[in-house]
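J.: Quick one: structure below, then a few questions.
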Amino acid sequence: MLEIKFISLLWLIGIIAEAMTGALSAGKKQMDLFGVVIIGCTTAIGGGTLRDILLGNYPLIWIENVHYLIAIALASLLTVLIAPLMRYLSKLFLAIDALGLAVFSIIGAQKTLMLGFSPVVAVVMGLVTGVFGGVIRDILCNQVPLIFKKELYALVSLLTAGLYIGLKSCEIAEWINLTVCLSFGFSFRMLAIIFQWGIPKFNYQYGQDGLSR
Amino acid sequence: MLEIKFISLLWLIGIIAEAMTGALSAGKKQMDLFGVVIIGCTTAIGGGTLRDILLGNYPLIWIENVHYLIAIALASLLTVLIAPLMRYLSKLFLAIDALGLAVFSIIGAQKTLMLGFSPVVAVVMGLVTGVFGGVIRDILCNQVPLIFKKELYALVSLLTAGLYIGLKSCEIAEWINLTVCLSFGFSFRMLAIIFQWGIPKFNYQYGQDGLSR
Amino acid sequence: MLEIKFISLLWLIGIIAEAMTGALSAGKKQMDLFGVVIIGCTTAIGGGTLRDILLGNYPLIWIENVHYLIAIALASLLTVLIAPLMRYLSKLFLAIDALGLAVFSIIGAQKTLMLGFSPVVAVVMGLVTGVFGGVIRDILCNQVPLIFKKELYALVSLLTAGLYIGLKSCEIAEWINLTVCLSFGFSFRMLAIIFQWGIPKFNYQYGQDGLSR
């Protein structure tokens, strides 16, 4: 049971970190406080919500436990208050976000497997849970989703989810699996930021051919 | 039964007003008539559809009653015809849209409660029904959702839905509740337009920190 | 059974063509290879996924048969490799895309009817299946959906789906119906490209009235 409490705590940290990235994005578009709260909430719960809709898994977590939504809304508003401190907190914040990415990817894969879906679907849903909150945030803020352009992010999510499913199939104790995958996902993302690791870009400007309509 | 007919009529007015805002947005992006119809339809039914998908409430209203969809499509096309008159009708139009906002918020909360969800979920779903049609419209038209930036809109929706749920829990007669909430939501929105009420904006331009990725 | 195999083959061709349009769009936004794969996949399966979510039809096809998703991901990556050849393949590519549009519209209508929905819903869902993959692609690439602006595309989808449902109600043999509708949809789209057929645009720039909010 201890590992459940531990991962729940990490999930809460992850959700709040996601809400804060959403709130900051909203601030860059000079939205009002209500917009900040809505973007914060959709960023934090968007990935998990999309996963559950794709799987047809009802009721949604935040509908069953509405206090999560309230916590996220408050975290979004808190972000506005502490925004002036962000220059001092930025490294802490990036670390929390990296932790959140790893947690979301693992939880997404875990839940999908527990619902009886195949391991491949579980890995895909780990990715959906990990990154689509940020994709929805960027769509609402009217910008090209940054996870498709910047340092490794989606790949970290995919590999973390894949590692979790792989170790699970080896029947390794859950708490060891969680520790390994969290450490892997977190370190991989942090290293990607520090060394600006990225994967090759596809630059197709041929254009006036009417093809990529 | 009279109040059901009354609110159904208002709902129809609201849906048509929403379709018209969608059609006008499409016109600003110089879409073709088919784009106008699709944007009109998604604006009008988007909020309710998102609510029902989030709640897992099937079949969707416009799939069960496809003639609603046809009415909305016709309203969108009609908008194109009367667009030149808009300068004379703009105040009427804003009033209809305000009425639609109030009706959608109340109906969204009412339906959610009737499905057995908690009062807080009902208020959230009132908000989703009231404002997400417009959010989807702005996403399809590739602009930052304006409800996050302009005068009070989402807050009107939230408070109207909250008032309805609050009065409902006091076991006030449904028709009194409807009358009070409609008047409140409509007047609040109109006053917000007239006096340009807004809530504070969050302007975060710190930027090059790589945070609000 | 032969016609099922035939339409399955066409569906596979269509899905791969859609993945390629997605990959090329991602390349125009200089996304990384992971972004290319995600945009390719959402473009290819987005329309069918949206249809099934709107109908509440679970499990989704690509969750039940995850190898489709893998085929689409590979097609997206392949697109990056053959991109330099696109100038020679552009006509072939437009033809495959036109075929895909017709196939998707027919399959979307067919599946909806088989689930017991009304003919009108089936036609609408044919349209959703045919064009919303491209709409989701354009949203993810942060541009106004081009099907709302360029030559006939959505109308081809709607009429093809409508023709299929119409002929079906006349109890015409399925393989004749498929042949007629595929030929119709494919030729209609190709002619629209060649002769630049479009439907009138709605240009509403009245603007500073605060109406089309």
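Every number here is computed from the coordinates shown, using simple stated rules; none is lab data. This one's a predicted model, so the numbers in the text were calculated from it and none came from an experiment. Cβ: placed from backbone, ideal geometry, glycine included. Neighbour counts: every protein chain shown.
J.: Starting from one equal scatterer on each C-alpha and no solvent at all, send me the Debye-based log10 I(q)/I(0) for segment B:114-177 at q = 0.13, 0.14, 0.15, 0.21 Å⁻¹, two decimals.
T.: Summing over Cα pairs of segment B:114-177 leads to -0.43, -0.49, -0.54, -0.85.
J.: Which of the residue pairs C:149/C:201; A:149/C:91; A:29/B:150; C:5/C:111; A:28/B:150; A:29/A:149 have a Cα-Cα distance greater than 18 Å in the structure shown?
T.: Check vs 18 Å cut-off fails for A:149/C:91; A:29/A:149.
J.: Let me know the charge dipole size of the protein assembly as shown about its Cα centre in debye, to the nearest 20, where only the beta-carbon of Lys, Arg (+1) and Asp, Glu (-1) is charged.
T.: The calculated dipole for the protein assembly as shown is roughly 1420 debye.
J.: Run the numbers for residue A:115 and residue A:171: contour at 0.36 nm per residue of separation, minus the present Cα-Cα distance, in nm.
T.: On the way: separation 56, 0.36 × 56 = 20.16 nm, distance 1.79 nm.
Full extension from residue A:115 to residue A:171 adds 18.4 nm.
J.: So what is the relative contact order of chain B, in percent, for Cα pairs below 8 Å that sit 6 or more residues apart?
T.: Result for chain B is 23 percent.
J.: Let me ask something additional. Placing +1 at every Lys and Arg Cβ and -1 at every Asp and Glu Cβ, with all other atoms neutral, what dipole size does chain A have around its Cα centre, in debye to the nearest 20? Could the numbers behind the result be given before it?
T.: Details: 14 positive and 11 negative charges, 99 e Å.
Magnitude of the dipole: close to 480 debye.
J.: Also, quick follow-up: How far, in nm to one decimal, is residue A:66 from itself in the other copies if the label point is set 7 angstrom along Cα toward Cβ? Shortest first, please.
T.: 3.6, 3.6
J.: Sequence gap at least 6, Cα distance under 8 Å: using those rules, report the relative contact order of segment B:2-95 to the nearest whole percent.
T.: Relative contact order of segment B:2-95: 34 percent.
J.: Okay, moving on. I want to check the label-to-label distance for residue B:2 and residue B:89. Put each point 7 Å from Cα in the C-beta direction and report it in nm to one decimal.
T.: 3.1 nm
J.: For segment C:2-194, just say rounded, prolate or oblate: build the C-alpha gyration tensor, square-root its eigenvalues into a ≥ b ≥ c, call rounded for a/c under 1.5, and beyond that prolate if a/b exceeds b/c, oblate if not.
T.: Because a/c hits 1.5 or more and a/b exceeds b/c, segment C:2-194 counts as prolate.
J.: What is the spin-label model distance, in nm, from residue B:195 to residue B:77 if the labels are put 7 Å beyond Cα along the C-beta direction?
T.: So the two model labels end up 4.4 nm from each other.
J.: Placing a label point 7 Å from Cα toward Cβ, how far apart in nm is residue A:91 from its equivalents in the other copies, listed shortest first to one decimal?
T.: From this label point to the equivalent ones elsewhere in the assembly: 6.1, 6.1 nm.
J.: What net charge do the residues around residue B:203 carry, taking every other residue with its C-beta under 11 Å from that of residue B:203, with Lys and Arg at +1 and Asp and Glu at -1?
T.: +2
J.: Given the protein assembly as shown, report the % of alpha carbon pairs whose separation exceeds 31 Å.
T.: Across the protein assembly as shown, Cα pairs with separations above 31 Å total 52 percent.
J.: Hey, what number do you get for the protein assembly as shown at 222 nm if only DSSP H runs of n ≥ 4 count, each worth -39500 (n - 2.57), divided across all residues, to the nearest 500?
T.: Theoretical 222 nm ellipticity from helices: -25500 deg cm²/dmol.
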